[in-house]
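So the structure is just underneath, and the comments pick up after that.
The values are calculated or read from the model by the stated rules, or taken from the named source; none is laboratory data. As the structure is a prediction and not an experimental result, all values here were calculated from the model. No Cβ is skipped: glycine too gets one built from the backbone with ideal geometry, and neighbour counts run over all protein chains shown. Heads up: the accessible areas ignore ligands, DNA and RNA and are worked out on the full protein's heavy atoms, side chains in. Shrake-Rupley method; radii C 1.70, N 1.55, O 1.52, S 1.80 Å.
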Amino acid sequence: MKVSKFKVLLCLIKSNLDKQGKAPIMGRITLNRSNLFACQSKNSMAQFSCKLSCNPKLDPATNRYSVNFSSEEDMRFLKMFDRSGMTSKSAFIKARIFGEPFHVVTFDKSQHEYYTKLSDFHAQFRMVDNNYNQTLKELKSHFSERRAMALVCKLEKYMMEFVQILHEVVELTNRYEKRRIGMDY
């Protein structure tokens, strides 16, 4: 069974700019040619115009350098790259070489869970506040003044405990924030 090689090359013809200063895009399809010195058959290569053009870069980055990493260095590099939040490794390397600031994007799952539970607690607190007001209205309308006052006293006692718990939550959150900020620096 014969293996066929099929290559497509698209190139910008910068020497042939049109009236708007755009360079035409040309295409070349090569079939079964391993190098330029191979015997050319009639159907081994075809060139065509894409009927498209684009603005060429004024200062193209054509100088390339190669860096080889060991396995350990590669793991460190990939870890730094992931933490940076950048999408291009070449842009990341260029930024490190020329000393641009290095921004680290981190996601702390425990912090996310903490704030999610804190938000849920806040929603429950708002529901309790709403229920407290509705309970007071119902007590006034369905019970005698003496019985309503006794029930309101019990309700106030429970609300004071609830407010105390709320203060503890605020204090814990403040301590958590101070500890987290201390870990960031």
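For region 124-138, which positions are among the aliphatic types (A, V, I, L, M) and open to solvent by less than 100 Å² (accessible area, probe 1.4 Å)?
We begin by selecting, within region 124-138, every residue among the aliphatic types (A, V, I, L, M); these are 127-128, 136.
Scanning region 124-138 gives 128, 136.
Cβ contacts < 7 Å: first residue in a strand (DSSP E or B) and at pLDDT 85 or above, restricted to region 6-23; second residue among the charged types (D, E, K, R) and open to solvent by less than 100 Å² (accessible area, probe 1.4 Å), any location; separation 6+ or different chain. Result? Final answer for the pair search is 9/28. For residue 158, indicate whether it is in contact with a Phe, Trp or Tyr (Cβ under 8 Å, 6 or more places away or on another chain), surrounded by 10 or more Cβ atoms within 10 Å (Cβ to Cβ) and within 21 Å of residue 170 (Cβ to Cβ). So residue 158 fails the test.
Provide a single number: the residues in region 63-72 that are open to solvent by 90 Å² or more (accessible area, probe 1.4 Å) and more than 30 Å from residue 12 (Cβ to Cβ). Please lay out each step first, then the result.
We begin by selecting, within region 63-72, every residue open to solvent by 90 Å² or more (accessible area, probe 1.4 Å); these are 63-69, 71-72.
Cutting the leftovers down to more than 30 Å from residue 12 (Cβ to Cβ) gives us 68-69, 71-72.
Qualifying residue count for the region: 4.
The requirement of being of a type in the set (Val, Ile, Thr), open to solvent by 100 Å² or more (accessible area, probe 1.4 Å) and either outside any loop (DSSP other than H, G, I, E, B) or at pLDDT below 80 (or both) is satisfied by residue 106. Here residue 180 qualifies as touching a residue at least 12 places away in the same chain (Cβ under 8 Å), charged (D, E, K, R), assigned to a helix (DSSP H, G or I) and surrounded by 10 or more Cβ atoms within 10 Å (Cβ to Cβ).
Results for (1) over 30 Å from residue 9 (Cβ atoms); (2) open to solvent by 100 Å² or more (accessible area, probe 1.4 Å); (3) not in a helix (DSSP H, G or I), shown as yes or no for each residue.
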{"residue": "58", "(1), (2), (3)": "no, yes, yes"}
{"residue": "61", "(1), (2), (3)": "no, no, yes"}
{"residue": "74", "(1), (2), (3)": "yes, no, no"}
{"residue": "100", "(1), (2), (3)": "yes, yes, yes"}
{"residue": "119", "(1), (2), (3)": "yes, no, no"}
{"residue": "141", "(1), (2), (3)": "yes, no, no"}
{"residue": "146", "(1), (2), (3)": "yes, yes, no"}
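Among the residues of region 41-64, is any out of contact with any Lys or Arg (no Cβ under 9 Å at 6 or more places or on another chain), hydrophobic (A, V, I, L, M, F, W, C) and more than 29 Å from residue 29 (Cα to Cα)? No, region 41-64 has no match at all.
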